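In what follows, a structure is listed as structure tokens, so that the remarks can point back to it.
The values are calculated or read from the model by the stated rules, or taken from the named source; none is laboratory data. Since the structure is predicted, the reported quantities are computational estimates derived from the model, not experimental observations. Methodologically, a virtual Cβ is constructed for each residue, glycine included, from the backbone with ideal geometry; neighbour enumeration extends over all protein chains shown. Surface accessibility is based on the protein's heavy atoms, side chains included, excluding ligands, DNA and RNA. Shrake-Rupley method; radii C 1.70, N 1.55, O 1.52, S 1.80 Å.
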Amino acid sequence: MNGTQRRMRRLFDKTSGNSLILALDHGANEGMIEGLGAIPSILEALPTSRVQGVILNKGLAKHFSALIPADVSLIIQMNAGTRHGSPSYNKSIVCSIPEALRLGADAVSVHVNIGNELEDRMLADLGEITDEAHQLGIPVLATVFARGSQIVNEHDSSLVAHCIRIGAELGPDIVAVPYPNNGDAFRKAVEASPVPVLVTGGPLGQTTEGAISNTLRGLESGCKGCCIGRNIFQTKNPIESMEKLAEATHKNIIKTVS
């Protein structure tokens, strides 16, 4: 068993085999949005949370990594962009693998948007980061969205299936995609993927119950958990939301979903 495989095992719960990853890297893209101030208290609650990993940009990792328990993986976000950019879906590399390791990274994360004029460079970045990370035994999580000038509906099942296939074909160890709103191409792509598939939190402004429902539908389709941010840290009670999502992810049961 090599280093990548050993670190991958820590990203999935020993009992359920699933993973709940908190994406707390939104500040770079969105700015000072509601809920970012809750991040320290969320991290302090991790010891009893059944969360397997936390995604942070390198600046927050520098300041807050000491709050992350040893059995919860620190995942450094490797690329970023802002909603003010032209285009807003552009993501550029802002961290190196050596820097991520100096910050204590157990894994790294790359965001790729396809269906736009910049997808070739973002795909090349994914390939390069994956190669460098694997040379040092570091797992790679790829979040892949169909988002850009060529995309009409980023939640179309065939497009989400293509996003999953990119994760299968280009070498990352986990792929996170949105749950689609139509068709069965998603389930087929999950079944055919040699790497675990996670669902993301869903549309902006969705309730915690909506995010839980997406997670449960993803699990029913063969996904291995979820990667969620705003539907935790922007809720009225982030700790409670985190606990409910952990229950859904690891027990497949949540009584609040109608």
Cross-link reach list, lysines versus K188, counting only Cα pairs under 23 Å and skipping chain neighbours closer than eight places: K224
Nonlocal amide H pairs with G229, under 5 Å, H built at 1.01 Å: A23, G201
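What's the extension gain from A168 to E30 if we count 0.36 nm per residue and subtract their Cα-Cα distance? It would help to have the intermediate numbers written out before the result.
Working: separation 138, 0.36 × 138 = 49.68 nm, distance 2.89 nm.
Using 0.36 nm per residue and subtracting the Cα-Cα distance, I get 46.8 nm.
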Local electrostatic count at A38 - Lys and Arg +1, Asp and Glu -1, tallied over other residues with Cβ under 15 Å: -4
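Which percent of the accessible area of the chain is formed by carbon and sulfur heavy atoms (probe 1.4 angstrom)? Intermediate values should be presented prior to the final figure.
Details: 5710 of 11450 Å².
Within the chain, the accessible surface is 50 percent carbon and sulfur.
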Bins of 10 Å from zero: percent of alpha-carbon pairs in the chain: 7, 33, 41, 18, 1
Accessible area in square angstrom per residue, region 66-128, 1.4 angstrom probe: 42
Phi to ³J(HN,Hα) by Karplus 6.51 cos²θ - 1.76 cosθ + 1.60 over region 128-143, Hz, x for Gly, Pro: 5, 5, 4, 4, 5, 5, 5, 4, 10, x, 9, x, 10, 9, 10, 9
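Based on Cα coordinates alone, diagonalise the gyration tensor for region 7-53, multiply each eigenvalue by 5, take square roots, and list the semi-axes in whole Å, largest first. Kindly include the intermediate steps, with their values, before the conclusion.
Numbers: eigenvalues 124, 33, 10 Å².
Working through the eigenvalues yields semi-axes of 25, 13, 7 Å.
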Debye intensity ratio I(q)/I(0), log10, region 51-145, q values 0.11, 0.25 Å⁻¹ (C-alpha model): -0.31, -1.29
Amide H partners (placed H, <5 Å) of I151, local residues excluded: none
Extension gain from H63 to R6, taking 0.36 nm per residue of separation minus the Cα-Cα distance: 17.9 nm
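Return the inverse of the average 1/r over all pairs of distinct C-alpha atoms in region 122-258, which is the Kirkwood hydrodynamic radius, in Å to one decimal. Show your work: numbers first, answer last.
Working: mean 1/r = 0.0646 Å⁻¹.
Here the Kirkwood hydrodynamic radius works out to 15.5 Å.
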Distant-in-sequence amide H partners of I114 (H built 1.01 Å from N, under 5 Å): F145, A146, R147
Rotationally averaged projected area of region 119-198 (alpha carbon convex hull; nm²): 5.0
